[in-house]
Amino acid sequence: MNILVKSAKIVAPNSDYHLQTKDILIEDGIIKKIEDQLKSPKNTKVIDVKGLHVSEGWFDSSVSFGEPGHEERETIENGLKTAALSGFTAVAVNPNTHPVADTNADIGFLKAKASGKPTALYPIGALTVNSESVDLAELFDMKNAGAVAFGDYQKAITNPNLLKIALQYAQNFDGLVISFPQENKIAGKGVVNEEAAGTKLGLKGIPALAEELQIARDLFILEYTGGKLHIPTISTAKSVALIKEAKKKGLDVSCSVAVHNLFLTDDALTEFDTNYKVLPPLRTANDTKALLKALKDGVIDFVTSDHNPIDVENKKVEFDHALYGSIGLESAFGALQKVVPLETAIKSLTQGKIRFGIKGEGFKPGVKADLTLFDPNKTYVFKNQNIHSTSKNSAFIGQSLKGLALGIIANGQLILKDNV
């Protein structure tokens, strides 16, 4: 397919075309020309939309689909379609399937199911067998099958020696180890942040200490072992300070933050709405302020939607019994742009590829087109009609957002929303 993108403002900080408005000609999946004005060749799809912006393709480092085992929540096919319509050309998919993706065969299954789709799927292999934090999984075999990192989704590595061994072993093949930041014995049976908002509702709290103690432990181990560590979805001001200090020491550590932890606080917990039950929990305004500053300063490396579809039978129940998680792909850009400037948002949505070993070719003629199309000035209230996911458990329903993904050009294919 040949495509001509007309009068698009390019947002690509590492490109010579950054903040310039250009026409972009794509032939057979390759960027052929980027010029002020281009005529449309025959048999070419023209995209000419008012307010159109384009950037390198967005990447999400923490996405959950149900398949295999929980297809009622989300299938790989619809999940990747949702990602494409939300502006993502690549997603790293968590191993919280049934069975848990902890072998090379499991990784191979995920890769095969996603083959040929516009949005690329990069599997995260489980760090431990069945994500039970007892024995290391087949890390090297999964790496060879296509896994880009290893972690147990939303499950802490309870045995510190296991993390030590994992970091040491993964260095043999430049593997990235993911450690979820929660000390379970401190978290106890908590379900929300341990502050006034949760207490007023009579809900048990997860103190910030549970996250910070685990991060401190993991950073001490990393300093001892070396290796590459990623700490996903941090949520407290003290977590930011700990990681900032570790980076000053030269430790090879990265971290991410979920968009909902930047956009919402625990004040949202007023009516026992289980869509706000996420892990780590929504924290205080002071935490959110510290997270936003850390993202702008580069202490937090990138953002994630932490997209986690949950079927209605496991979400529309009593708060204590509901599963953690919110979908977030569809709302990620619009929510992010409400709290950070456009260039910060785009940087936060693109630079995670580097950490996960996904090579990009940049934004210039002669390279494969891997592009996201969006309108950063579109304002709207997020509603059910904006959801493409099978599950509808969004923490952003009713929220005023700014910025709308229009689609992607990737893997030689064009995906656009119906109204574009």
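Based on the Stokes-Einstein relation at 37 °C and a viscosity of 0.692 mPa s, and on the Kirkwood radius from alpha carbon pairs, the range 311-354 is assigned a translational diffusion coefficient of 257 µm²/s. Beyond 26 Å, what share of the Cα-Cα pairs of the range 89-206 is found? Please give it as a whole percent. Roughly 31 percent, once rounded to a whole number. The residues T158, T350, sorted by heavy-atom accessible surface at 1.4 Å with ligands and nucleic acids left out, run T158, T350 from largest to smallest.
Taking every pair of alpha-carbon atoms in the range 221-335, give the share separated by more than 24 Å as a whole percent.
Values: 2066 of 6555 pairs.
Pairs farther apart than 24 Å: 32 percent.
If you count only protein heavy atoms with a 1.4 Å probe, what accessible area per residue comes out for the chain, rounded to a whole Å²? Don't skip to the end; give the middle numbers.
Details: 17290 Å² over 420 residues.
Value for the chain: 41 Å² per residue.
Dividing the C-alpha radius of gyration of the range 161-228 by 2.2 N^0.38 Å, with N its residue count, gives 1.42.
Tell me, what is a quarter of the convex hull surface for the C-alpha atoms of the range 231-272, in nm² with one decimal?
Details: hull surface 13.7 nm².
Projected over every direction and averaged, the Cα hull of the range 231-272 covers 3.4 nm².
How large is the convex hull of the Cα atoms of the chain per residue, expressed in Å³ as a whole number?
Values: hull volume 53.1 nm³, N = 420.
Spelled out: Cα convex hull of the chain, divided by residues, is 126 Å³.
Relative to the longest principal axis of the Cα atoms of the chain, the long axis of helix 285-297 lies at roughly 50 degrees.
Calculated mean residue ellipticity, 222 nm, the chain: -8000 deg cm²/dmol, from DSSP H runs (n ≥ 4) at -39500 (n - 2.57) each, averaged per residue and rounded to 500.
Compared with the dominant Cα axis of the chain, that is its longest principal axis, helix 160-170 is turned about 30°.
Among 184-196, 403-415, how do they line up from the highest to the lowest mean number of other beta-carbon atoms within 10 Å?
Answer by packing, highest mean first, reads 403-415, 184-196.
For the chain, give me the percentage of DSSP beta bridges that are antiparallel, rounded to the nearest 5 percent. Spell out each step's value before the answer.
Details: 28 of 60 bridges.
Of those bridges, close to 45 percent are antiparallel.
Using a probe of 1.4 angstrom, how much of the accessible area of the chain is carbon and sulfur, in percent? List each step's numbers first, then the result.
Numbers: 8320 of 17290 Å².
C and S atoms contribute 48 percent here.
Where does the Debye-calculated log10 I(q)/I(0) of the range 309-394 sit at q = 0.19 Å⁻¹, using only Cα point scatterers of equal weight, no solvent? Summing over Cα pairs of the range 309-394 leads to -1.03.
Hey, what D do you get for the range 16-64 in µm²/s if you plug the Kirkwood alpha-carbon radius into Stokes-Einstein at 37 °C and 0.692 mPa s? Intermediate results must be reported in sequence, preceding the final value.
Working: Rh = 13.1 Å.
Answer from the Stokes-Einstein relation: 251 µm²/s.
The values are calculated or read from the model by the stated rules, or taken from the named source; none is laboratory data. Here the structure is a predicted model, which means the values were calculated and not measured. With ideal geometry, Cβ positions are generated from the backbone for all residues, glycine too; neighbour counts draw on all protein chains shown. With ligands, DNA and RNA removed, areas are computed over all heavy atoms of the protein, side chains included. Shrake-Rupley method; radii C 1.70, N 1.55, O 1.52, S 1.80 Å.
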